[in-house]
Amino acid sequence: MAEFKIRPMRVEEIQVALAWADAEGWNPGQADTKAFASVDPQGFLLGEIDGEPAAVISCANYDARFAFLGFYIVREDLRGRGYGLHIWNEALAHAGNRVVGLDGVVAQQSNYKKSGFNYAYANNRYAGVLTEAPPMTEQTVPLAHVPFAAIEAYDSTVFPAPRPAFLRKWSDTAGHVGHALLRDGVLAGWGVIRPAARGWKIGPLFADDRNAAEAVFAALLTGLEGESICIDVPGINGEAASMAQSLGFVPTFETARMYTGEIRPLMLDRIFGVTSLELG
């Protein structure tokens, strides 16, 4: 076996992981790199053979208790030689004793279980060409008009760890467009849409109820008629799936949300669109 060296990626090298994820059909956002790096720059690992990329993975430590694993890809011509297991073990070592989450393809569920991951629920990607934008049911505002503390507090009800640096980058990145719904001055829903490798990708979409989700959904889709749209929906939120289906979007693939241990209680009925399959 050729010498296989693993090291943290430089920020610009995260683009390699994004390109490989695109080749695998994950359709990442065009400008995800800096937001991803803001979480844990040392958590993005590159495996090299003779100085050439051979494998990638990320295990981003959000805080002292929780990490999220993604981008687990070995270059196609090098699969089956043990490189994947090597970089996988390195990523989990980076997480230490934290609970680790991931969104894995269904075919790999049994392998993840062997590493201590337990199934929580499915995420289903709904995609389609937007033929007609849905009507605005309630008036929204640009996400930038909402105090960041309110966004961070809402996010804490739907994600297992605080992620302020990521949320700031995610909402401020050029090309990312965010909208929010306020009811009596209280944040009731918010979301972000961004250009992807193909079309546009919504994530996150969080809301108190379907009506709030539909209002934010409509605002995010304004002016995108004829464009390809995708959104990752928790399988346990039937209202979210119904909302996507109402626009003619269809499920294109499924992933499994899995954890190595217990996470804090979350309001999963608020999740109408997952932020990112790579970072949770």
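What follows draws every value from the coordinates through simple rules; no lab data is involved. On a predicted model such as this, the values are computed, not experimentally measured, just so you know. Note that each Cβ is placed from the backbone with ideal geometry, even for glycine, and that neighbours are counted across all protein chains shown.
General remarks:
- On Cα atoms only, tilt of 14-23 relative to the major axis of the chain in degrees: 80 degrees
- Contact order normalised by residue count of the chain, Cα under 8 Å, 6+ apart, percent: 24 percent
- Neighbour-count order for Cys59, Cys230, fewest beta carbons within 10 angstrom listed first: Cys230, Cys59
- Each Lys or Arg adds one and each Asp or Glu subtracts one; over the other residues with Cβ under 13 Å from the Cβ of Tyr112, this totals +2.
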